[in-house]
1. Put +1 on the Cβ of each Lys and Arg and -1 on the Cβ of each Asp and Glu in segment 61-193; which of T145, L110, C131 then has its Cα farthest toward the positive end of the dipole?
2. Taking only protein heavy atoms and a 1.4 Å probe, what accessible area per residue, in Å², does the chain have with all protein chains in place?
3. Using the Karplus curve 6.51 cos²θ - 1.76 cosθ + 1.60 with θ = phi - 60°, what ³J(HN,Hα) values do you get for each residue of segment 175-183, in whole Hz, with x for Gly and Pro?
4. Got a number for carbon plus sulfur as a percent of the chain's accessible area, 1.4 Å probe?
5. Could you give the length gained by full extension between I266 and A251, i.e. 0.36 nm per residue of separation minus their alpha carbon distance, to one decimal place?
6. Checking the table K126/K281; K8/K157; K157/K183; K85/K126; K41/K214 against a 25 Å threshold on Cα-Cα, which pairs fail?
7. For segment 195-290, what mean projected area does the convex hull of the alpha carbons give, in nm²?
8. Work out the FRET efficiency for L279 and E154 from their Cβ-Cβ distance, taking R0 = 35 Å, and round it to the nearest 0.05.
Amino acid sequence: VVMEALGKTSANGLTTQYTCMRLDRNPDTGVAELVLSRGDKLNAMITEFWEEVGPIMQAIDDDERIRVVVLWAEGRLFTAGLDLKAAGFLSAGRSDEKSVAVENLEFYRLVKRWQANLRQIQKCKKPVIACIHSHCIGGGVDLTTACDIRLCTEDAKFSVAETRIGLVADVGTLQRLTAIVGKGAAREMAFTGEPVDAKFAHHFGYVNSVYPDKEKLLEAGRALALRIAQHSPLVVQGTKMVLNYSDEHNAEDSLEYVALWNSAFIRSDDLLEAFSSFLQKRKPTYKNRL
């Protein structure tokens, strides 16, 4: 077993166990699976989750064996969201050693760090597919809205639960949800904090598809990942980066960005391989990555 900064990696280098997650790599397919592995604790998001998710996603970004990520959860539900015991600092009394200003600054820095760590999912060049079963509560919505594609089971429920416990969701949900489901649906979810079902999520575009059970869900998620992984990593990762840029810029700037992108990267071995394999009627073998 090889020790990493945050987790333990198996001798073959294919599995890394972290405190709250497990990363399984398959170099033959290019598909990795990031698994919420505290199923016995309802995958509640303790402090360690928020601190390790960013470095894990950075490791995925840097690993050339990985082309696509499937995110799923062990246990009877996807996640119960923020662990309220771990978040005890929110209700803790004043410290006699620190001023209110210092305590507020520390909390601000914590929120900014958690935001940055979760945003690594969105910033990661590799597409991330979330496979969600049963309840996806609070921080689970923060987590899955940062993913590229979401699929779920028929029994899935989604809730911006922070509203119901006296918090303004502050790790990404309110910034990403409107672009996914539209203004009205996003505000209904955020203002009420009530769970919405898979039918609602599918109707408003939160999830692409709904499956009868977890087994069928994972089967579909893995199949989709394989369909993506068969393409040039250079092209898929470039496409994600262009899409991300377009999400945050106007059409004119985005067109300029993609023109510059292709000017820099279009003359790749992968493009030649795509043409050659098509003409030779064989499966392409891509090598280049960003």
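1. Positive-end residue among those listed: T145.
2. Working: 15320 Å² over 290 residues.
The answer is 53 Å² per residue.
3. 8, 10, 5, 4, 5, 8, 10, x, 4
4. Details: 8370 of 15320 Å².
Carbon plus sulfur share of accessible area: 55 percent.
5. Working: separation 15, 0.36 × 15 = 5.40 nm, distance 2.11 nm.
Once the chain is fully extended between I266 and A251, it gains 3.3 nm.
6. Over 25 Å Cα-Cα: K126/K281; K8/K157; K85/K126.
7. Details: hull surface 36.4 nm².
Taking the Cα atoms of segment 195-290, their convex hull projects to 9.1 nm² on average.
8. Working: r = 45 Å, r/R0 = 1.27.
Plugging the Cβ-Cβ distance into 1/(1 + (r/R0)^6) gives 0.20.
The values are calculated or read from the model by the stated rules, or taken from the named source; none is laboratory data. These numbers come from a predicted model, not from an experiment. Note that we place each Cβ from the backbone using ideal geometry, even for glycine, and neighbour counts take in every protein chain shown. The area values use the complete protein model at the heavy-atom level, side chains included, leaving out ligands, DNA and RNA. Shrake-Rupley method; radii C 1.70, N 1.55, O 1.52, S 1.80 Å.
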